[in-house]
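Asker: My structure is below; once you've seen it, I'll send some questions.
Readers should treat all values here as calculations from the given coordinates under stated rules, not as data from a laboratory. Here the structure is a predicted model, which is why all the values come from computation and not from measurement. Neighbour counts are summed over all protein chains in view; Cβ atoms, including those assigned to glycine, are modelled from backbone coordinates with ideal geometry.
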Amino acid sequence: MKKIKAIGLVSGGLDSILAVEIMKEQDIDLLALHIINGFDQDTMRIRSNISLDEKKVFLDKKADMSKSLGIDVKIIDISEEFLEIVSSPGYGYGKNCNPCIDCKISFFTKARELMSGLGADFVFTGEVLGQRPMSQRKQTMDLIEQKSGLKGILLRPLSAGIMAETEIEKKGWVKREFLLDIQGRSRKRQMAMAADLGIIDYPAPAGGCILTDENYSRRLKDWFNHNAGKRLTLEDTVLLSVGRHFRLNDDVKIVVGRDESENGYIEKVCEEDWLAFAAELPGATVAVQGELEEKELKRAASVAARYSDAKEASGVEVIVRRMHDERILTVSPISGDELDRCRI
Ligand code: SF4
């Protein structure tokens, strides 16, 4: 007889690790599914580092997760389709630009779609009732379960003991006595369990989703506000995570690299924009995006002057270049106050 098989949706955080540990007590086959939506800090870092091979990094990540969970892990990348969700979430955003309800529905739907191909009978997650304000309230959890088509075949082992019995338990696929009754925001029980199990290396509870970050969300909102009718791309989202961002006016914004790696990324993805950097001096690469006139180009050059080794000088030579059009402007570094007024 075929053994019951479950797919565990895992983020890599402690709750999902513990959910897998609980399910290992059951006599069923397990497979972990890790979904990348493109907005976790790791993926942002990988994608903004032009010296990294993304495919290889993801393969290494899969191997690391499989090793730490002790079960096979499948990683799928839905970053492209997630752009639509983050641009226009049906259930809105949380405190920042985090569309958690739509995000969960998309992850759970993906898991359901993969079930038959992977020979799975149900899905489980590391969700805890009442832990997150937007997506882990009882009513919302029910909505996500229903919208993703997982009604009756979704188990939350950390909280199942205080939730209604699922079909999964009724059919005897899992034993209810092994399931926990954790609820709320305190993580004491999870920490104690981790200590008992000798689990010491796990990511911070927030999970590292950059859409919950206030600064990133402000930049993303600025992008939406100034790009009506334009489709957000993966490159846009990564560029928003890199460098310092300033808006010169409604049509023009600039991005300033903070180190060599960011300068390299900006030069690569903004190769069709104006770039400015101090001539013959160490300093930042400045990309200028939008429809601009000479005065904005000069302001961008003055930003490049400020972020160079000559920021105290009165006249700094700055190279401005777009494709094959290149010249040198001599400008004064922009003042700190003026720069602060433009900061996004
Ligand atoms: S925090 Fe980010 S990854 Fe987590 S559910 Fe919300 S949008 Fe999705």
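Asker: Assign one of three labels to region 242-342, namely rounded, prolate or oblate, based on the Cα gyration tensor with a ≥ b ≥ c the square roots of its eigenvalues; rounded applies when a/c is under 1.5, prolate when it is not and a/b is larger than b/c, and oblate otherwise.
Answerer: Since a/c stays below 1.5, the shape of region 242-342 is classed as rounded.
Asker: Let me ask something else. In deg cm²/dmol, rounded to 500, what helix-only [θ] at 222 nm does the chain give when every DSSP H run of at least 4 residues adds -39500 (n - 2.57) and the total is split over its residues?
Answerer: -11500 deg cm²/dmol
Asker: Provide 214, 167 in ascending order of the number of other Cβ atoms located within 10 Å of each residue's Cβ, fewest first.
Answerer: 214, 167
Asker: Sticking with this structure for a sec: For residue 155, which sequence-distant residues (separation of 5 or more, or a different chain) have an amide H within less than 5 Å of its own amide H, given hydrogens modelled in the peptide plane?
Answerer: 123, 124, 125
Asker: Under the rule of at least 5 residues apart or a separate chain, name every residue whose amide H is placed under 5 Å from the amide H of residue 74.
Answerer: Placed amide hydrogens put 32, 33, 34 under 5 Å from residue 74.
Asker: Quick one: compute the contact order of region 5-210, relative version, from alpha carbon pairs under 8 angstrom and 6+ residues apart, as a percent.
Answerer: Normalised by residue count, the contact order of region 5-210 is 27 percent.
Asker: A further question follows. For residue 90, what is the net charge nearby, where nearby means another residue's Cβ is under 13 Å from its Cβ and Lys, Arg count +1, Asp, Glu -1?
Answerer: Surrounding charge for residue 90 is 0.
Asker: For the chain, take N as its residue count and report Rg(C-alpha) divided by 2.2 N^0.38 Å.
Answerer: Here the Cα radius of gyration is 1.19 times the empirical estimate.
Asker: Another question, then. How much FRET efficiency would the formula 1/(1 + (r/R0)^6) give for residue 52 and residue 201, where r is the Cβ-Cβ distance and R0 is 25 Å, rounded to 0.05?
Answerer: Plugging the Cβ-Cβ distance into 1/(1 + (r/R0)^6) gives 0.70.
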